[in-house]
Structure formats: structure tokens, C-alpha cells
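Structure, as C-alpha cells:
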Amino acid sequence: MRNQGETNTLASNKQLCDLDEYSLAHVFLFLNVGDLDRCVLVCKKFQHIIQRVVFPKKCKHALVTGSDHGAALSPYHYTRRKRVKLDENWRYGRYEERSYFHHNVMYISQLAIDKDCLYMTHGGRLQAHRRTKSVHMIDTRIAWMVGSVGDSDITSLAKKNNRFFAGRMDGKILLYEHGSGQQHLQTITNDIIKAVDFNKDVYAVTTKNESTYVFNYSPPDRELLYDGDVFEHSHVYPNAYETIKLNNNLLAVGKFHCSKKRALQLIDLYSCTIQQLNSPSTAVYDVLWKDEHCILCGNFDTTMRLVDVRTGNDEACWTDPYNASVYCLSYNGTYAVHCGMKYHYRTNLYDLRAPNRCVQMYFPLKKNSNFSPVYRIAADCSQMFVVTDHNLRILNFDADWAATKDYASV
């Protein structure tokens with residue numbers, strides 16, 4: 001039998017590489033990418049565990065870059081190691097910033113992205129700009145456009161695949177199919193259109209002062225501009241809302257002001273009933289569907305809330321550290337929610353797994369006297385696009401060389 005001294009000697013001679021793969025993988029999960037890169041050089045055993053186990057597991061649980069939806073929107077194809085590194089950059093505020101399309105007259109552009117193009121509006125024109133892999137990130141030349149700057153301003157935009165649906169200040173709606181070039185313009189009201197959305201052949205429109213309309217879409221036979229009406233009224237609700245989002249037969253809506261603190265509501269398109277949810281909000285500026293049962297809403301009262309439509313109650317709440325209203329939202333499909341805030345071009349990053357905690361805040365690099373809100377926001381796994389009242393800002397997190405701007409602990 002071994003004595004105590006021999007046992008202590010064997011324990012003292014045990015090295016890190018003598019541990020089993022499960023234990024080593026657990027240890028490596030606590031390291032950042034820089035430390036893991038150094039561990040890879042130690043031996044083939046470490047290299048195998050880190051590349052085959054650690055990076056895939058870290059990537060799966062990454063806040064921003066773990067989403068397949070965010071990766072599908074990016075023009076780049078990143079390795080698992082790179083996606084983990086990008087997630088660290090998001091968390092620690094490591095990015096470079098560029099601004100484009102500056103205009104002296106205040107105008108709020110509408111925004112959408114996919115892996116090929118950035119789509120935005122200017123006046124009454126919808127224009128596409130190709131995304132590039134250069135340091136500029138986008139080509140400022142217009143790839144294609146619909147409408148003209150002199151047309152009535154586009155106030156809302158929804159995009160799914162190659163179909164664009166827009167509402168204008170003159171009460172007209174525009175439908176454009178990029179693949180076929182088919183477009184249709186139809187007048188539905190004399191009021192300003194505030195928000196639009198669509199799901200398959202069901203379209204929803206809300207105005208600033210009058211009503212909310214639900215339409216059925218009947219595609220025309222012609223492939224060019226069609227003069228007849230292709231939108232048929234399904235139902236008209238006598239309430240106007242600030243924001244709307246469709247999800248199958250449910251329409252999530254938010255009021256600009258509700259003295260009873262029931263600004264978030266739900267419309268059932270089958271029964272044509274309106275349900276007031278129990279989320280205590282005086283005003284809702286933006287809503288998104290997290291899934292078929294839960295809504296994310298950005299509110300006037302400086303909160304972002306997760307609301308379960310089955311119970312009508314808040315499941316979680318996040319409060320802005322600087323008491324600013326939430327103007328717009330972007331959701332990556334898993335855990336990350338980007339919020340555009342009311343002041344200082346600021347955006348916040350929240351983790352749905354960590355209620356009432358701000359993961360990071362992003363401020364502009366240049367200090368000036370203009371304190372614009374963020375009106376529209378879109379993001380993929382490496383870039384964030386921010387619309388202010390005078391320009392478009394792009395934050396590129398694929399910038400390992402950039403200085404860290406960490407405001408998480410403020």
C-alpha cells in the first residue's frame with residue numbers, strides 16, 4: 001500500500017494536460033479567445049479539445065453571434081472561433097464607427113438589411129446600397145431605387161425576402177417586388193401612415209390619427225405597374241397606433257399614449273377582438289415578436305419588456321441606466337436585443353437570459369451639440385446600422401484592433 005508521502009508526491013506531479021477531456025473543456029470555457037489561442041499551441045490534445053468542443057459550445061451560447069438569423073444577414077462566413085471573438089467585441093464595446101448620407105434637413109430614414117444590401121429611404125425614394133467587404137462596409141452608390149425624393153415621404157417600411165411594403169405621408173401604400181420589378185401604389189386614407197407590416201398575403205396599416213386597416217392581397221396578372229386595386233379591405237379598427245407587428249393571426253399594437261397604462265394591445269384577426277395586455281405602459285414606441293407567444297416592446301417609461309400574450313403579463317423587464325425612452329428594437333432571434341435610445345445616438349444591448357441588466361451601451365465617437373435619438377436600428381453578427389435624424393451610422397465589431405469603449409459598469 002502507498003503511504004501518505006507517495007500519494008502527495010503523485011498529486012504534486014499531476015499536470016494540467018493529465019486531466020480528462022471533459023475537465024479540460026470545462027476549464028477552457030472560462031478563457032477568452034486570446035488565452036485559448038495560446039493554449040492551442042501547447043499540445044495537440046489542447047488543440048483538439050478547444051477546436052472541436054470549446055469553440056462550438058461557446059459559439060452556441062454566444063449572445064449576439066450565436067444566432068443563425070444574424071449570421072444569415074451577414075455578407076461574411078465566420079468560423080466558430082471568429083464568432084466567439086466577435087461576441088467578445090460586442091460585449092466589451094470594441095468597434096470602429098463610420099457615418100454616411102449626412103443631410104442638413106432633419107429626416108428619419110426607414111431601414112432594412114440582408115446579406116447583400118442595405119435598404120433605406122430618402123424622401124419618397126426606396127434605395128438599395130450593396131454591402132461590401134471593404135473598410136467602408138457599403139457602396140454609397142445606389143444599386144437600384146423605387147420612387148423619387150420628390151414623392152411624399154416614406155414613413156414606414158417592412159421587408160420580407162424580395163418584397164417591400166411601405167407607407168407614405170400622403171396616405172398611400174407602396175408594394176414592390178424586387179425580383180420581378182412589379183410595383184403597386186394604392187391610396188387607402190387621407191391621414192399619415194404611421195406603421196405597416198405584412199405576413200404572407202395579410203397586410204396591416206395604421207395611421208397617425210384615424211384607424212388601423214387589415215388587407216388581403218390579390219396579386220395582379222401583370223408584371224409591371226398595375227393600375228387596379230390589389231388590396232382588399234378585410235377589417236377596419238377605429239384606433240390609431242404608433243407601431244404594429246403581425247404574427248400569423250395576431251397583430252401586436254402599441255399606442256402613442258394611454259392614460260390607463262394599457263398602451264400595449266393585441267388584435268385577433270380571426271375574431272376581430274382587441275385585448276388590452278397587462279403590461280403597465282403609458283406609451284409604446286416599437287414592438288417585435290420574439291416568438292409566437294411573446295412580444296418585446298420598447299416603451300416611453302425607459303423600459304424594454306418581454307410580455308407573454310397567453311397571460312398578458314410581463315415576463316421580464318429591462319430599465320435604461322440613464323432613464324431614456326426606448327425608440328426602436330432589433331432582435332437577433334436568440335438572446336440579443338438591440339435598443340435605440342432617445343438621447344445621444346446611444347444604443348443598448350440586452351441579454352434576454354439576464355433580466356434588468358444592460359450588457360453594453362454604445363455611444364458615438366465624436367462629441368458634438370447634436371443629441372439625436374436612434375430612430376431605426378438593424379444588426380447582423382458583426383455590424384450595427386443606426387439611423388439618426390441627420391445620418392446613418394455603422395458600427396463594425398469585426399475590428400479587433402479598435403479601442404475598447406466599455407460602458408457596462410456605468
_What's the whole-number percent of alpha carbon pairs in the chain lying beyond 25 angstrom?_
61
*Between residue 43 and residue 218, 0.36 nm times their residue separation minus their Cα-Cα distance comes to what?*
56.6 nm
*asked:* Please compute the per residue accessible area over the chain with all protein chains in place, 1.4 Å probe, rounded to a whole number of Å².
replied: 47
*Rounded, prolate or oblate: which one fits the range 121-360, using the alpha carbon gyration tensor with axes a ≥ b ≥ c (rounded when a/c is under 1.5, else prolate when a/b beats b/c, else oblate)?*
oblate
*Roughly how compact is the range 17-61, stated as its Cα Rg over 2.2 N^0.38 Å to two decimals?*
1.00
*Taking 0.36 nm per intervening residue step and subtracting the Cα-Cα distance, what contour gain separates residue 268 from residue 22 on full extension?*
83.6 nm
*asked:* Taking loop as defined by DSSP and a crowding limit of 16 other beta carbons within 10 Å, which trypsin sites (Lys or Arg not before Pro) in the range 373-410 fit?
replied: 405
_Note, ³J(HN,Hα) from phi for the range 350-359, Karplus 6.51, -1.76, 1.60, rounded to Hz, x at Gly and Pro_ = 10, 10, 5, 7, 10, x, 6, 9, 8, 5
*Could you name the aspartates and glutamates whose alpha carbon sits less than 13 Å from that of residue 133, not counting residues in the same chain fewer than 8 places away?*
116, 398
_Positive end of the dipole of the range 121-360, charges at C-beta (+1 Lys, Arg; -1 Asp, Glu), about the Cα centre: which of 152, 354, 218 has its Cα farthest in that direction?_
354
*Could you pull out every residue, at least 5 positions away or on a different chain, whose amide H is within less than 5 Å of the one on residue 235? Hs are placed 1.01 Å off N in the peptide plane, and Pro or chain starts have none.*
214
*Roughly how large, in nm² to one decimal, is the mean projection of the convex hull of the alpha-carbon atoms in the range 244-289?*
3.0
*Looking only at chymotrypsin sites (Phe, Trp or Tyr not before Pro) in DSSP loops with at most 10 other Cβ atoms within 10 Å, what is the longest site-free stretch of the chain?*
31-269
*asked:* Students often get this wrong, so check it: of 160/260; 60/194; 208/405; 159/405; 57/200; 160/194, which have C-alpha atoms separated by over 28 Å?
replied: 160/260; 60/194; 208/405; 159/405; 57/200
*To the nearest 0.05, what FRET efficiency results for residue 191 and residue 77 with a Förster distance of 51 Å applied to their C-beta separation?*
0.65
*May I ask you to evaluate 6.51 cos²θ - 1.76 cosθ + 1.60, the Karplus curve with θ = phi - 60°, for each residue of the range 131-141 and list the ³J(HN,Hα) values in order in whole Hz, giving x for glycine and proline?*
7, 10, 9, 8, 5, 7, 6, 9, 8, 6, 6
*What percentage of the solvent-accessible surface of the chain, computed with a 1.4 Å probe over protein heavy atoms, is contributed by carbon and sulfur atoms?*
49
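The values are calculated or read from the model by the stated rules, or taken from the named source; none is laboratory data. Remember, it's a predicted structure, so these values are computed and weren't measured experimentally. With ideal geometry, Cβ positions are generated from the backbone for all residues, glycine too; neighbour counts draw on all protein chains shown. The protein model used for the area step is the full one, side chains on, heavy atoms only, and it has no ligands, DNA or RNA in it. Shrake-Rupley method; radii C 1.70, N 1.55, O 1.52, S 1.80 Å.
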